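J.: This is the structure, below, for whatever I ask next.
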Amino acid sequence: MEITSSQYLISNAEYAQCPKADRPEYAFIGRSNVGKSSLMNMISNNKNLAKTSAAPGKTQLINHFEIVSNDKKKWYMVDLPGYGYAKISQSSRRRWEQMIENYIRKRENLVCLFVLIDSRHEPQQIDLDFINQLGKWEIPFVLAFTKTDKNKPAATKRHVEEFLKALSDNWEVPPPYFVTSALSKEGRKPILDYIGNLNKNFTKL
């Protein structure tokens, strides 16, 4: 599968205000500054699709992008606020958390959640906790290890293996995962092929 067009559609603070749930939807989430916007831009082959920022906490709303692929399928790519560090108040943080939880648990056409993990680091408890919560909620998800171009290959391999091993404390079978680089475009084709296969099985609500 290849993407033929991509464009920003709308931003909302509540899942109930999101576009009509009439097509498959794939959301991206991760710790602040994990490279989420860069990865989405790489996948869509549109460097201006999602806004990138060096400042953590830039994304504060549920951002929808309309995608058209070469199989004539229309689907949504969604940029969610990051979890973890951000210079916001406790009340704002809780509001974000509730917004994200409502979207993840109630959005009917959410086919898969891409959870981004920074490949430069050893397993972070905040990522493991978030993934374990997804398991309790029974949310379909995959992992995308980011920023591999900033690592030596051996370090990336080690950190991926360490993360999967840490997950094994609570997961009998590890989730699917992709190793990615927004710079070299590593992982782009496998992710698009994965989404393409899921699109084929999507049943209109």
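J.: Restricting to the stretch 165-189, and then to whatever is small (Gly, Ala, Ser) and more than 17 Å from the chain's Cα centre (by Cα), can you tell me which residue is nearest to residue 46 (Cα to Cα)?
T.: At the first step, the residues of the stretch 165-189 found to be small (Gly, Ala, Ser) are 166, 168, 181-182, 184, 187.
Subsequent filtering for residues that are more than 17 Å from the chain's Cα centre (by Cα) retains 166, 168, 184.
Numbers: 166: 34, 168: 36, 184: 14 Å.
Among them, the one singled out is 184.
J.: Further question on the same structure: Going through the stretch 112-164 one residue at a time, which ones are within 24 Å of residue 196 (Cα to Cα), part of a strand (DSSP E or B) and out of contact with any Cys (no Cβ under 8 Å at 6 or more places or on another chain)?
T.: 112, 113, 114, 115, 116, 117, 143, 144, 145, 146
J.: Just a yes or no: is a residue in the stretch 35-57 charged (D, E, K, R), in a loop (DSSP other than H, G, I, E, B) and in contact (Cβ under 8 Å) with a residue 12 or more places away in the chain? Before the answer, list the steps.
T.: First, pick out the residues of the stretch 35-57 that are charged (D, E, K, R): 36, 47, 51.
Filter once more, keeping what is in a loop (DSSP other than H, G, I, E, B): 47, 51.
When the remaining residues are screened for being in contact (Cβ under 8 Å) with a residue 12 or more places away in the chain, the result is 51.
Taking every residue of the stretch 35-57 in turn, at least one turns out to be charged (D, E, K, R), in a loop (DSSP other than H, G, I, E, B) and in contact (Cβ under 8 Å) with a residue 12 or more places away in the chain.
J.: Take residue 196 and tell me if it is out of contact with any helix residue (DSSP H, G or I) (no Cβ under 6 Å at 6 or more places or on another chain) and at positive phi. Reasoning before the result, please.
T.: Details: out of contact with any helix residue (DSSP H, G or I) (no Cβ under 6 Å at 6 or more places or on another chain): yes; at positive phi: no.
Spelling it out, it is not the case that residue 196 is out of contact with any helix residue (DSSP H, G or I) (no Cβ under 6 Å at 6 or more places or on another chain) and at positive phi.
J.: Select from the stretch 150-194 the residues that are charged (D, E, K, R) and touching a strand residue (DSSP E or B) at 6+ places or on another chain (Cβ under 7 Å) and list them in ascending order. Explain how you work it out, then say what you get.
T.: Taking the stretch 150-194 as the starting set, the residues that turn out to be charged (D, E, K, R) are 150, 152, 157-158, 161-162, 165, 169, 172, 185-186, 188-189, 193.
If the condition is that a residue be charged (D, E, K, R) and touching a strand residue (DSSP E or B) at 6+ places or on another chain (Cβ under 7 Å), then 186 is the only one that fits.
J.: Every residue in the stretch 10-25 that is of a type in the set (A, V, I, L, M, F, W, C) and surrounded by 15 or more Cβ atoms within 10 Å (Cβ to Cβ), please.
T.: Within the stretch 10-25, 18, 21 meet the criteria.
J.: Next up: Kindly check whether there is at least one residue in the stretch 79-90 that is modelled with pLDDT under 90 and in a helix (DSSP H, G or I). Spell out how you get there, then give the answer.
T.: Residues of the stretch 79-90 that are modelled with pLDDT under 90, as a first pass: 81-90.
Checking which are in a helix (DSSP H, G or I) leaves us with 90.
Within the stretch 79-90, one or more residues are modelled with pLDDT under 90 and in a helix (DSSP H, G or I).
J.: Out of the residues in the stretch 113-170 that are farther than 29 Å from residue 64 by Cβ and of a type in the set (Asp, Glu), which is surrounded by the most Cβ atoms within 10 Å (Cβ to Cβ)?
T.: My answer is 162.
J.: Output yes when any residue across the stretch 132-148 is among the aromatic types (Phe, Trp, Tyr) and in contact with a His (Cβ under 8 Å, 6 or more places away or on another chain), and no when none is.
T.: In the first step, residues of the stretch 132-148 are kept if they are among the aromatic types (Phe, Trp, Tyr); the result is 137, 141, 145.
When the remaining residues are screened for being in contact with a His (Cβ under 8 Å, 6 or more places away or on another chain), the result is 145.
Yes, that holds for at least one residue.
The values are calculated or read from the model by the stated rules, or taken from the named source; none is laboratory data. Owing to the predicted nature of the structure, the values given are computational and were not obtained by experimental measurement. A quick note on method: Cβ atoms are made from the backbone with ideal geometry, for glycine too, and the neighbour counts reach across all protein chains shown.
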